[in-house]
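In what follows, a single structure is set out as structure tokens and then discussed.
Derivation of every value follows stated rules applied to the coordinates shown; laboratory data play no part. Owing to the predicted nature of the structure, the values given are computational and were not obtained by experimental measurement. Virtual Cβ from ideal backbone geometry, glycine too; neighbours counted across all protein chains shown.
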Amino acid sequence: MYQWLKALWGKGISQYPTSDHMKKFLIVGLGNIGAEYAQTRHNIGFKVLDALSATAEFTYETVKLGDVGSFKIKGRNVLCLKPSTYMNRSGKAIKYWMEKEKIALENVLVITDDINLPFGTLRLKTKGSHGGHNGLKDIQDTLGTINYNRLRIGVGSEFGKGKQVDYVLGEWSEEERAQLKERLHKSDALIRSFVLSGVAITMNQFNGT
């Protein structure tokens with residue numbers, strides 16, 4: 001029996017087949033730590049998780065490789081992670097918490113900004129390239145796969161040639177801030193749907209809204 005269990009748990013981060021493990025989820029908001037980044041477009045992942053903590057009534061604790069909080073919804077345990085590794089090393093924190101909490105890859109959702117989508121557009125995907133996004137590139141390299149769930153939130157592309165970095169590290173405009181609350185509410189609903197109904201149903205319900 002011991003050898004069987006040892007073989008089972010040695011299969012890697014994405015293979016945790018028991019029902020208990022299938023009830024555990026990891027929601028990751030990408031961003032950069034520090035007050036200077038808090039209101040920037042690149043930190044939309046952090047912003048979504050901060051809004052979620054308010055509605056789900058939990059708090060974050062600074063622990064290894066990030067700020068972590070958790071809540072339960074209909075028998076499912078949801079761990080929320082804001083990596084403290086900075087955007088370019090996001091994969092390290094995700095892999096650590098997946099392994100520590102034995103969370104299957106299919107139950108991970110990464111939330112990130114996307115300049116290729118109009119402001120506020122939500123697009124949930126189960127796989128895809130990093131598209132030049134340094135955070136997604138590190139996750140892809142660290143996990144060794146492009147097959148992970150990601151919620152891409154459009155931040156628009158209102159910048160001139162060579163100004164992409166300044167734009168994503170810039171703060172929201174007044175018009176964007178006025179619309180952001182509703183977008184955060186919609187993202188909150190999407191996350192809950194992902195946990196309760198699965199990625200396919202959630203994609204059909206929310207993509208493009």
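Those residues that are in contact with a strand residue (DSSP E or B) (Cβ under 6 Å, 6 or more places away or on another chain), farther than 14 Å from residue 108 by Cβ and crowded, with 20+ Cβ neighbours inside 10 Å, I need them from the range 71-92; list them, please. Once the filter is applied, which keeps residues that are in contact with a strand residue (DSSP E or B) (Cβ under 6 Å, 6 or more places away or on another chain), farther than 14 Å from residue 108 by Cβ and crowded, with 20+ Cβ neighbours inside 10 Å, the range 71-92 yields only 82. Counting only strands (runs of 3 or more DSSP E) that sit wholly inside the range 23-95, those with at least 2 residues that are in contact with a Phe, Trp or Tyr (Cβ under 9 Å, 6 or more places away or on another chain) and in contact (Cβ under 8 Å) with a residue 24 or more places away in the chain are 24-29, 66-73, 76-83. Residues in the range 123-141 that are more than 13 Å from the chain's Cα centre (by Cα) and buried (at least 20 other Cβ atoms within 10 Å of the Cβ): 133, 138. Considering only residues in the range 99-119 that are in contact with a Gly (Cβ under 6 Å, 6 or more places away or on another chain) and assigned to a loop (DSSP other than H, G, I, E, B), the one that is surrounded by the fewest Cβ atoms within 10 Å (Cβ to Cβ) turns out to be 118.
Within the range 123-142, one or more residues are part of a loop (DSSP other than H, G, I, E, B) and touching a residue at least 24 places away in the same chain (Cβ under 8 Å).
Taking the listed residues 158, 171, the one that is on the phi < 0 side of the Ramachandran plot, without any contact (Cβ under 8 Å) to a residue 12 or more places away in the chain and in contact with a helix residue (DSSP H, G or I) (Cβ under 8 Å, 6 or more places away or on another chain) is 158, with no other qualifying.
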